[in-house]
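Beneath this line is the structure, given in structure tokens, with notes to follow.
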Amino acid sequence: MRSIQPVRRARRTVVALSLALGAACGGGEKQGEAAASAPTPGVANDTITVGTLVPLSDAVALIGKPILAGEEAYFAELNAKGGVGGKYKVKVISEDVTYANPSTSVQKYNKIKDQIAAFAMILGTDHVNVTLPLMAEDNILAIPTTFDAEWVREPHLIPTMSPYQVQVANGIDYWWNKAGGQGKPICTMSMATGYGQAGDEGAAIATKALGTTVASAAKFRPGDQDFVAQVTQLKNANCAAVALTSLPTETAKIMGTAAQLGFTARWISTSPTWHQGLGKSPIAAYAKEHLWTSTDMATPADTATNPAVQEILNAQRKYTPEQVGDFYFVAGWAFAKTLHTVLEAAATSGDLSRAGIAKALTSLGDVDMQGLVGNYRYGAVETREPPRATNIYAIDPSLLGGFTIVARGYASEAAKAIVFTKKR
């Protein structure tokens, strides 16, 4: 099988290399010693402190808040059951960042890095990119709340879920081969960020494998309010399908504009594009007819087929009753579960230093995510294997989470053939 490699791109960094960074703490202390003398930031008095960098007050808070609530609920439930290794309770420190300004993550990273053992969340592809050099200096691991293929080979990241490139490749391939799209024009509409670039790479991978090309590529910036030009561009190109890489605030306006202009293409979106709240908005009917989402995540409506989803909803009602148990809450739970698995391995080895946590990550094989998301194979960074199958969902505002299944566990040949490389 021929291999297909994502398009290489240069990273933009807003961090000066001369930035004064705190030295990483290492060592091989046993659990008791770590708790007593606290040589490792974030481990003291039988408590492991983890951090999050997440938008909580801008437009992206629409997804940031429920993801954080899902993480907090998971750790609250874990603590109630005795904590990591039956001993260490987990405490979460959260810092608000601005999605459109990645440098805010640099500021907040430096604010809390000496207080935490690891990051349970850094939200935003560009936010991860600008903090990666700092993580390397400090030897600290992070869960990237973003699914770029670039993360697969990053030793200081604990990536989860199917990469955006896989999501888009599977969505396009399903439409082309299973839904009557063969031979019709495929286009893209993406945010002008690293996240958008990842979606575009997925479209390039899929179209190359299918023997076609992207007919038209529309771009927009975070926070844009008017999408008439972009939708008109796609309509004039006779696009039959559009790979959409956006966030819910922009999605609402894009869907509204498309409906007004009578643009009836099949929209194929990445995992963070929709929010169930949009199901109560004027664009709900259009989205129900025209929008798909490709992701390996389960939805909150999957309680009949997945007991783990019911467990999550029970915890949501118990610990965060003010937060609806939505798609992003499930994601937050999955992120926290993944970090817990790493911390558990470190505690079992007797080394909760940052070096010990990093070593524990490489000791893991396939992590069973109970069907909440696809299983990720960790181990040595060069042999990591992300999920390559995704579910194709349509919009159904009547269901919790807002999704209904079109196809489950779809893996295209293009997605299977992607070779993941470290690009820096």
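The values are calculated or read from the model by the stated rules, or taken from the named source; none is laboratory data. Note that the coordinates shown come from a computational prediction; the quantities given were computed from them, not determined experimentally. Cβ placement follows ideal geometry from the backbone for every residue including glycine, while neighbour counts extend to all protein chains displayed.
Below is a table of values for the structure above.
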{"read-out": "Region 59-76 - residue that is surrounded by fewer than 22 Cβ atoms within 10 Å (Cβ to Cβ) and farther than 21 Å from residue 352 by Cα and, of those, farthest from the chain's Cα centre (by Cα)", "value": "59"}
{"read-out": "Test: residue in region 277-291 that is closer than 27 Å to residue 160 by Cα and within 19 Å of the chain's Cα centre (by Cα)", "value": "no"}
{"read-out": "Set 348, 421, 362, 341: member being among the polar types (S, T, N, Q) and outside any helix (DSSP H, G or I)", "value": "421"}
{"read-out": "Helices (runs of 4 or more DSSP H) completely within region 141-248 that count 2 or more residues being under 21 Å from residue 406 (Cβ atoms) and at pLDDT 95 or above", "value": "164-178, 194-210"}
{"read-out": "Candidate set: region 387-410, residues that are buried (at least 21 other Cβ atoms within 10 Å of the Cβ) and in contact with a Ser or Thr (Cβ under 6 Å, 6 or more places away or on another chain); chosen: the one nearest to residue 285 (Cα to Cα)", "value": "403"}
{"read-out": "Among (1) touching a helix residue (DSSP H, G or I) at 6+ places or on another chain (Cβ under 8 Å); (2) within 24 Å of residue 52 (Cα to Cα); (3) surrounded by fewer than 17 Cβ atoms within 10 Å (Cβ to Cβ), the one test that residue 413 misses", "value": "(2)"}
{"read-out": "Residue match in region 260-269 (condition: part of a strand (DSSP E or B) and aliphatic (A, V, I, L, M))", "value": "yes"}
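Here is a yes/no grid of residues against (1) part of a helix (DSSP H, G or I); (2) of a type outside the set (Phe, Trp, Tyr); (3) modelled with pLDDT of 95 or more; (4) not assigned by TED's automatic domain parsing to the domain that holds residue 197:
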position	(1), (2), (3), (4)
32	yes, yes, no, yes
52	no, yes, yes, yes
58	no, yes, yes, yes
92	no, yes, yes, yes
99	no, no, yes, yes
119	no, no, yes, yes
131	yes, yes, yes, yes
